[in-house]
Amino acid sequence: MLLDLAPPAAPPDAKSYALAEPTEHDARAALAEVVGAADADACWARARAAAGHPTGPLSLDALWRVAQALAADGGMIAVTARSLGIRIRSFVLLQQRQCQS
Amino acid sequence: MIAAASTAPVSLPPMSFPAPAASAQPAALRDPARLGAIASHDLLAPQLADSLQTLVDRAAERLRMPIALVSVVMAEAQHFAAARGLPDWVAEAGGTPIEWSFCRHAVTSGEPFLVEDARVEPRIGENPLVELEHVRSYAGVPLVTPDGHTVGAVCVLDTTPRTFSDDDVAALRACAGEVMAAVCARAGTPAA
């Protein structure tokens, strides 16, 4: 469980290492590749509702919660959700790690 | 904090989906049948680590490498089903984005992937495991299901450059066989 999902201010020489901040758009696109666009919309709406964020923009913290809710669908949707979770955690932890350098 | 009067599902406007950056990865990683095999073999289950940790430890000791992993390689990320010797922040993430994965090369080629010095391996590119954690050498062999899907890799890593022998690769292949036998036994799927 990621306790602090607010990425710290990155040092001036911080690198992204090809990892941009994960977004809802990225997540829904990945989901659509697995289940098709129409089913992806339905899955995503269910996951947002289950995570307590049915509408509105998603912070990284909220995106994480939606990913956790999405994983409950199991199967290939859970595989997609796990990937999203790893990318979110890696993004935040990389920022934290570079603050230590 | 969002205050919602209702948490019932809401119809969201459909979005157009230009491909995300990670789709620059080979199509093999995105193969639905391969991703389906990951799901059907329950490779993301946290409990799988109980079955695999001893094998990971043995691989590290046999090859005298500080880091050893069983990695499940998905389309956008890799998940560590079992691990030893990882930097704390990488262990906490439970995997890495696919852009940082060494193991993906073993998966897409279907062959062992050996790196003597990651600083001069063009297929690695800019990578925090190399630049921040000083990973230099890597040896990984594919994990293949009985029906032929390459779902990940078992690998070892070190912070010093290293040349790997045929015996080293054979040891990793033997470990990969044991990993898949354990995975299939747990998932209730027929072993090879």
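Values in this text are rule-based calculations from the coordinates and carry no lab data. Since the structure is predicted, the reported quantities are computational estimates derived from the model, not experimental observations. Note: ideal-geometry Cβ built from the backbone for every residue, glycine included; neighbour counts use all protein chains shown.
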Legend entry - Relative contact order (%) - chain B, alpha-carbon pairs under 8 angstrom, separation at least six: 22
Legend entry - Residue-by-residue Karplus 3J(HN,Hα) for region B:40-50, coefficients 6.51, -1.76, 1.60, Hz, glycine and proline x: 5, 8, 6, 6, 9, 5, x, 5, 4, 4, 4
Inset, instruction - Determine ³J(HN,Hα), in whole Hz, for all residues of region A:44-58 in sequence, where each value follows from phi through the Karplus function 6.51 cos²θ - 1.76 cosθ + 1.60 and θ = phi - 60°; x replaces Gly and Pro. - result: 5, 4, 4, 5, 4, 5, 5, 7, x, 10, x, 9, x, x, 9
Legend entry - Helix-only mean residue ellipticity at 222 nm for chain A, each DSSP H run of n ≥ 4 adding -39500 (n - 2.57), per residue, nearest 500: -21000 deg cm²/dmol
Legend entry - Residue order, fewest to most surrounding Cβ atoms within 10 angstrom, among A:C99, B:C155, B:C184, B:C175: A:C99, B:C184, B:C175, B:C155
Legend entry - Calculated FRET value between B:E133 and A:A72, using beta carbons and R₀ = 25 Å, to 0.05: 0.15
Inset, instruction - State the answer as a single residue: which of B:G177, B:T54, B:G188 lies farthest towards the positive end of the charge dipole of chain B, with beta carbon charges of +1 for Lys and Arg and -1 for Asp and Glu, about the Cα centre. - result: B:G188
Legend entry - Residue mean of other protein chain beta carbons inside 10 Å, B:92-104: 5
Legend entry - Tail beyond 23 Å, pair distance distribution of chain A (Cα, percent): 26
Legend entry - log₁₀ of I(q)/I(0) at q = 0.17 Å⁻¹ - region A:42-101, Debye sum with one point per alpha carbon: -0.56
Inset, instruction - Would you calculate, for chain B, the mean residue ellipticity at 222 nm contributed by helices, counting each DSSP H stretch of 4 or more residues as -39,500 (n - 2.57) and dividing by all residues, to the nearest 500? - result: -10500 deg cm²/dmol
Legend entry - For region A:90-97, Karplus couplings with θ = phi - 60° (6.51, -1.76, 1.60), whole Hz, Gly/Pro x: 5, 4, 5, 5, 5, 4, 4, 5
